[in-house]
1. What number results when the radius of gyration of the chain, computed over Cα atoms, is divided by 2.2 N^0.38 Å?
2. Determine the relative contact order of region 6-218: mean sequence separation of Cα pairs under 8 Å and six or more apart, normalised by residue count, in whole percent.
3. For the chain, with a Gaussian network of springs between Cα atoms less than 10 Å apart, report the residue from 91, 31, 162 with the top mean-square fluctuation.
4. Report for the chain the percent antiparallel among DSSP-assigned beta bridges with both residues inside it, nearest 5.
5. Using alpha-carbon pairs under 8 Å, 6+ residues apart, how would you state the relative contact order of region 78-165 in percent?
6. Pick out which of 142, 120, 53 has the largest mean-square fluctuation in a Gaussian network model of the chain, springs linking Cα atoms closer than 10 Å.
7. Roughly what angle does helix 102-115 make with the longest principal axis of the chain, taking Cα atoms, 0 to 90 degrees, to the nearest 10?
8. Where does the chain land at 222 nm, in deg cm²/dmol rounded to the nearest 500, when only DSSP H runs of n ≥ 4 count, each adding -39500 (n - 2.57), divided by all residues?
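Taken together, the values in this text are just the output of simple stated rules run on the coordinates, not laboratory data. Remember, predicted model here, so these are calculated numbers, not experimental data. Positions of Cβ are backbone-derived with ideal geometry, glycine not excepted, and every protein chain shown enters the neighbour counts.
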């Protein structure tokens, strides 16, 4: 199957040769692993780059220019989204990917190894078992905010990175879709008002993103 990677490179022209090669290899590795362990719907694997890779990279657009050593936790990574595309896009950052399903974290681990990613670690387990702290926690359609926030609040560093080149507090960055009104009302009882960004602000030409949102919750 041929995959169209050009939208990725059009939106990220700054990618190095190594990053471009890693992005291209995703189109080989994910279909191969998906035949063994289903981490992407087999009906949707043809949309690997637009529905999964580019969607994940919206977080890189939202958090541009992070300094060396920023630590990011991908909670409920599944087969490696959004963590692996972000680790490619932001090699200066350190990523830790966690998921409760062992076979899915195995896929993410093997793909990262095949890509030669050195800035990613993995954990098979529940978020309650992760005690380390991070500048940001990211997630992609894992659970409602009012359930997610209490679980990851303990994992957020209270101090900013010493090289303060980004202007927002540490916190949670989620990728979500659909009608979020009820979810946001519920989360308002336990956290401050989040910032909500439409992903069409980053990728306006793709109708897939018309209902997709990025939510930033300071913690």
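1. 0.96
2. So the answer I get is 18 percent.
3. 162
4. The antiparallel proportion sits near 35 percent.
5. Reported relative contact order: 28 percent.
6. Looking only at 142, 120, 53, the biggest GNM fluctuation is shown by 142.
7. The helix 102-115 is inclined about 60 degrees to the chain.
8. So the calculated ellipticity at 222 nm is -9500 deg cm²/dmol.
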